[in-house]
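I have placed the structure first, in the form of structure tokens, so that the comments after it can refer back to it.
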Amino acid sequence: MKKYLREMVITISVAMIVVMTMLRTPATETTFVRKNVVDLTPQEKLDFVNALKTLKTRPGTNSKNVSLYDEVVAIHAGAMTFDKMQLGGQVILPQDTPSTGPATGSDAAHEHGAFLPWHREYLSRFEKALRSVNPNITIPYWDWTDPRAVEVIFNPNFLGTNGSGSTLTFEYPDGRPTIRLDGGPVVSGNFSEADGWRIVPDLHKNISTAETLGTSLIRYLAGSDAPPGTGFPLEKAETDRILQSPDYATFRPFLEGDITINADGTENECRNFPCNHNLVHALVGGTVPNPNQNETNRQLLTLGTISNTPASPNEPAFFLLHANVDRLWAEWQNNGRKGPEFYGVPGEPYGHNLNDKMWPWDGGDSIPGSIGSTDIRPYLPVIAPNDIVKPIDTLNWRKYGYTYDTLLKKGRGWRRQSRGELPVKRTRVPERRRGSR
């Protein structure tokens, strides 16, 4: 009897921690340092992996009895149901039941001003959940310009290897180079289904067909022989230009990957192939232009877990990618752009302006739609009605209790000496064409 009571108390205590981590909590006096993934010690890697796997087994507060980790995935998926037009309008999300409320009409987390605030809040809450497993954990960041990073991340002893068992070839009638992708499900080792990393099929949908991708993590990781611009590492000069963006209206789409800006300041849209943050999604999960040009609702083919954006947090590397996105925003802010005057432009869709409520921390004002026939709502965690977050609440990353190693280092070149702003030419010209893998 005593043993039973002791186990019950432990279970209740864990459940309370889970609920608390899903709510906004005040910053502690301790400042945690998010490190470059290539600088993690073997023990830090092991602790991070163990915490991820633990959250995958902890019960959440949802009505589907899925894990806390799966709830985190559901939040990201739900945010994308407020607008059927996805990936810059190149893909239309099938949806049986539309969303309702003021957030309807634009993706709650992407392609507009709140992309950075939304993901800063999202990562911070997930990081607190990880710390309920191990109080010393921070989310490492993936500097996509570092040539060492891919080998460190996609290692059997860390986030696991590329998928296997599938070779896909795409030929284009207009003469573009043939693309070949090698990958498939991760079949063994860390984050394979054999290792216990089983994905909820309803939360693992193809963004353009709403068909499930199954229960295994899927990767089509770009090979080391990929042509420049279509593999890792990404071009450092371009990332440096992101940090030289003169205003948020340039910085956000440049970083997210809606546009790219050449060294001469010429701005180009990224349509035939993604850029920057979006490119990393594509190069890990596998994204190619659709050879069938008649499928106007599906101009891109998204093959793996992280390239099907609603489902992308099922891929643990997602959090490293977005820690880097947040790091670059923090560095840009730290270069004399910390106040609310350095956020956004007037007239953004609801949820993306400085004082708008961001779903799902909006007090229940907006209700997400479905992905195909799948209702996301039963998979969502319980969020208190008074748990409200607006973009203005996220601008100071220090209040969350973390910083980045790059912000602690001295002698950061132009970032400390001057803004070094990029002269952007606002007249758009035909896009810069990236080669195909």
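The values are calculated or read from the model by the stated rules, or taken from the named source; none is laboratory data. Bear in mind the structure is a predicted one, so any value in this text is a computation, not a measurement. Methodologically, a virtual Cβ is constructed for each residue, glycine included, from the backbone with ideal geometry; neighbour enumeration extends over all protein chains shown.
I'm trying to understand the selection: among the residues of the range 157-188, which are more than 18 Å from Ala226 (Cα to Cα), at pLDDT 95 or above, over 22 Å from the mean Cα position of the chain (by Cα) and not polar (S, T, N, Q)?
Listed by number, the residues that qualify are Gly165, Val187.
A quick yes/no check of all residues on (1) within 25 Å of Phe273 (Cβ to Cβ); (2) of a type in the set (Lys, Arg); (3) out of contact with any Leu (no Cβ under 7 Å at 6 or more places or on another chain); (4) crowded, with 17+ Cβ neighbours inside 10 Å:
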{"position": "Arg148", "(1), (2), (3), (4)": "yes, yes, yes, no"}
{"position": "Asn157", "(1), (2), (3), (4)": "no, no, yes, no"}
{"position": "Gly183", "(1), (2), (3), (4)": "yes, no, no, yes"}
{"position": "Val186", "(1), (2), (3), (4)": "yes, no, no, yes"}
{"position": "Trp197", "(1), (2), (3), (4)": "no, no, no, yes"}
{"position": "Val200", "(1), (2), (3), (4)": "no, no, yes, yes"}
{"position": "Ser216", "(1), (2), (3), (4)": "no, no, yes, yes"}
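I'd like to check something: does the range 305-314 contain any residue that is in contact with a Phe, Trp or Tyr (Cβ under 8 Å, 6 or more places away or on another chain), more than 20 Å from Glu111 (Cβ to Cβ) and either modelled with pLDDT of 95 or more or not in a loop (DSSP other than H, G, I, E, B) (or both)?
no
Across the range 202-257, what is the total count of residues that are over 25 Å from Arg298 (Cα atoms) and hydrophobic (A, V, I, L, M, F, W, C)?
Adding up the residues that qualify gives 7.
Does Ser208 fit the bill of being small (Gly, Ala, Ser), part of a loop (DSSP other than H, G, I, E, B) and either crowded, with 18+ Cβ neighbours inside 10 Å or touching a strand residue (DSSP E or B) at 6+ places or on another chain (Cβ under 7 Å) (or both)?
Answer is yes for this residue.
Among the listed residues Leu301, Leu283, Leu279, identify the single one that is of a type outside the set (Ser, Thr, Tyr) and either in a strand (DSSP E or B) or on the phi > 0 side of the Ramachandran plot (or both).
So the residue among Leu301, Leu283, Leu279 that is of a type outside the set (Ser, Thr, Tyr) and either in a strand (DSSP E or B) or on the phi > 0 side of the Ramachandran plot (or both) is Leu301.
Listed here are the residues, each with its yes/no results for (1) touching a Pro at 6+ places or on another chain (Cβ under 9 Å); (2) more than 25 Å from Thr302 (Cβ to Cβ); (3) not β-branched (Val, Ile, Thr).
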position: Ala51; (1), (2), (3): no, yes, yes
position: Tyr69; (1), (2), (3): yes, no, yes
position: Pro102; (1), (2), (3): no, yes, yes
position: Ala109; (1), (2), (3): no, no, yes
position: Leu123; (1), (2), (3): no, no, yes
position: Pro140; (1), (2), (3): no, yes, yes
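Residues checked against (1) under 15 Å from Thr302 (Cα atoms); (2) of a type in the set (Val, Ile, Thr); (3) not in a loop (DSSP other than H, G, I, E, B):
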| site | (1), (2), (3) |
| --- | --- |
| Glu151 | no, no, yes |
| Asn157 | no, no, no |
| Ser164 | no, no, no |
| Thr167 | yes, yes, yes |
| Gly175 | no, no, no |
| Arg180 | yes, no, yes |
| Gly183 | yes, no, yes |
| Val187 | no, yes, no |
| Asn190 | no, no, no |
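Output the residues belonging to the range 65-86 that are under 23 Å from Glu121 (Cβ atoms) and not in a helix (DSSP H, G or I).
Val66, Ser67, Asp83, Gln86
Do we find that Val288 is crowded, with 17+ Cβ neighbours inside 10 Å and at pLDDT below 95 in this structure?
Yes, satisfied.
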